[in-house]
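Beneath this line is the structure, given in structure tokens, with notes to follow.
The values are calculated or read from the model by the stated rules, or taken from the named source; none is laboratory data. These numbers come from a predicted model, not from an experiment. Every residue, glycine as well, gets a Cβ built from its backbone with ideal geometry; the counts of neighbours run over all protein chains shown.
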Amino acid sequence: MEESKKLFYGPIPRVLNEDILSFLCNKHKGEIGLGSKKDCPRMRIRYVMDKNRFGYADFGDFFFWEDGGLYVW
């Protein structure tokens with residue numbers, strides 16, 4: 001994961017929890033929706049696809065829906 005200073009309170013920590021990811025997605029939802037991620041933080045997440053198999057998604061390729069959790073497309 002790459003660190004960036006374009007954040008709400010300083011550099012992005014190396015390990016992010018769900019609350020921080022959700023906050024960032026909400027903060028940048030307009031840019032993500034327009035496909036203009038120029039000022040968005042540059043980060044990737046790793047998620048479980050199957051047993052012993054992971055997938056990776058860049059910021060803007062995942063989102064949170066109410067209390068349903070994290071979704072990746």
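Annotations
- Entry remark, segment 29-48: residues being under 18 Å from LEU70 (Cβ atoms) and not in a loop (DSSP other than H, G, I, E, B) number 8 in total.
Conditions (1) surrounded by 10 or more Cβ atoms within 10 Å (Cβ to Cβ); (2) at pLDDT 85 or above; (3) out of contact with any Pro (no Cβ under 7 Å at 6 or more places or on another chain), marked per residue:
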| position | (1), (2), (3) |
| --- | --- |
| MET1 | yes, no, yes |
| LEU7 | yes, no, no |
| ILE20 | yes, no, yes |
| PHE23 | yes, yes, yes |
| LYS38 | no, no, yes |
| MET43 | yes, no, yes |
| TYR47 | yes, yes, yes |
| GLY69 | no, no, yes |
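- Subset of segment 49-67 that is assigned to a loop (DSSP other than H, G, I, E, B) and among the aromatic types (Phe, Trp, Tyr) - its residue that is modelled with the lowest pLDDT: TRP65
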